[in-house]
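What follows is a set of notes on a single structure, which appears directly below.
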Amino acid sequence: MQASLNLLGKRRFLPLFVTQFLGAFNDNLYKSAMVILVTYTVYSDATKEATFNAIAGGLFILPFFLFSALAGQLADSTDKARIVRIVKSAEIGIMAFGAAGLLLGNVTLLLLALFAMGVHSSFFGPIKYAILPQHLERDEVLGGTGLVEAGTYGAILLGTIAGGLLGTNHAWVAAIGVMIIALLGWVSGRQVPPAPPETDAPPLQMDWHIVRASIRLVNATMHIPRLFLAIASISFFWMMGAILAAQFPPLVKNVLHANEQVATLFLAIFSVGVGVGSVLINRLLKGRVLAVYSPAAAIAMGLFIVHLYWNVIHWPAVGGELMDFATFVRISQAEWVMFDLFGVAVSGGMFVVPLYAFLTTTVAKSETARTVAANNIVNSGAMVLAAVLLTGLVLLGVSVAETLLMVAVASLGAAWLAWRLHKACD
């Protein structure tokens, strides 16, 4: 662990870590402020709130499905550090529109900026993981991946808390904040060391046709059994995460009868848990890239979710105003709800980090960005599907609590795929 933490003192790692940290913080400051603003201020209807959250989740993920193939090709054929600087410059303009949406309370403008941030993140995503094998030694990649995941979810935690606290009454502060963080990300991105294409690889011919390039990239990657199993396992994880994240605010408001403080608490607990799991798995594996713990971690996720569902459906009836944080934690079952959330998140971090490290260490360095991009396409397709299914189920009258059982069932599929990967490769 000390060796992994020492990477934070290296220029070959620290600027990238800071840049992705600030990017994740800004994404979640904006998204959290937007969701809380709309859920608690703009709308006052449970169906509209749940539908908005599902649509927002789908809009942010859709660009990964559309543009990841282009992003992967660019990252493998161009200096990755140069792309970092370009996307960080674009973030400043995007956040200008997002800030305007927060100030005006305009749902259309908010969703357009959210989609644009998804485009921004789809081009940065392949770089975040693919650059690690270029700048780190092979026995440092798992530790670096774990730190990136832990840092990402630490940023999600801070951004979520900040956005949740500012979303209802201080949207103007959130608007200023997203602009400042975008500028800081631009500065840190300029410090990322060069990461040019591999010189021993044949020149890459860009395919600018979005649909054709995506199909070719996914086919070229998914026909390799070990990559198919890793990507399918990660996709199950992100489907579950997308449903949980979309349902937290309406679950808190309409089922647990609590206010935005508790909604922010839920997202914060989840973020901390994934960060803890990301660091813990690195310690257990001692730098080795193995999927040996992933099946058990997926099953643990499902068990925690089932217990969370049981606590939710047996939640005591509460009348009057929405509970604040102090009132919520005095309810006896609240401790179990928070424990279950934390358990789900820790298990999730332990499940997914080795799989990401696996993607970037079992292919040639000249192909890492495209491999991560193929993973992002499949992941985003799975999450968009999850958002569509969730929206349909909500409109059909399926309760927020009952959607938790869908996630628990999906964890069995993730465990089975991870077990097959472990038996095939470890």
For Met323, the residues 5 or more places away or on another chain with a placed amide H closer than 5 Å to its own amide H are Ala258, Asn259
Expressed in square angstrom to the nearest 10, the accessible area of Arg370 with a 1.4 Å probe stands at 60
For the stretch 63-75, Karplus-derived ³J(HN,Hα) couplings (6.51, -1.76, 1.60; θ = phi - 60°; whole Hz; x for glycine and proline) come out as x, 4, 5, 7, 10, 5, 4, 4, 4, x, 5, 4, 5
Selection from Leu166, Ala369, Ser68 lying farthest towards where the dipole of the chain points positive, charges on Cβ | Ala369
What whole-number value in Å² describes the accessible area per residue of the chain for a 1.4 Å probe?
-> 39
Expressed as an acute angle from 0 to 90° and rounded to the nearest 10, what is the orientation of the C-alpha long axis of helix 14-37 relative to the principal long axis of the chain?
-> 30
Just how much of Val18 is accessible, in Å², when a 1.4 Å probe is used and the result is rounded to the nearest 10?
-> 50
State the Cα centre-to-centre distance between the stretch 215-286 and the stretch 367-426 in whole Å.
-> 9
Shape category assigned to the chain from the gyration tensor of Cα positions, a/c cut at 1.5 | prolate
Which whole-Hz couplings ³J(HN,Hα) result when phi for each residue of the stretch 103-120 is put into the Karplus expression 6.51 cos²θ - 1.76 cosθ + 1.60, θ = phi - 60°, listed in order with x for Gly and Pro?
-> 5, 8, x, 8, 5, 4, 5, 4, 6, 5, 5, 5, 4, 5, 5, x, 4, 4
Please identify the longest segment of the chain free of exposed GluC sites (Glu not before Pro), where exposed means a DSSP state other than H, G, I, E or B and no more than 15 other Cβ atoms within 10 Å.
-> 1-136
Work out the charge dipole of the chain with +1 on the Cβ of Lys and Arg and -1 on the Cβ of Asp and Glu about the Cα centre, then indicate which of Gly58, Ala357, Ala245 is farthest towards its positive end.
-> Ala357
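The values are calculated or read from the model by the stated rules, or taken from the named source; none is laboratory data. Just so we're clear, the structure is a prediction, and the values are computed from it rather than from any experiment. Ideal geometry is used to build each Cβ from the backbone, glycine not excepted, and the neighbour counts take in all protein chains shown. Ligands, DNA and RNA are excluded from the accessible area calculation, which covers all protein heavy atoms including side chains. Shrake-Rupley method; radii C 1.70, N 1.55, O 1.52, S 1.80 Å.
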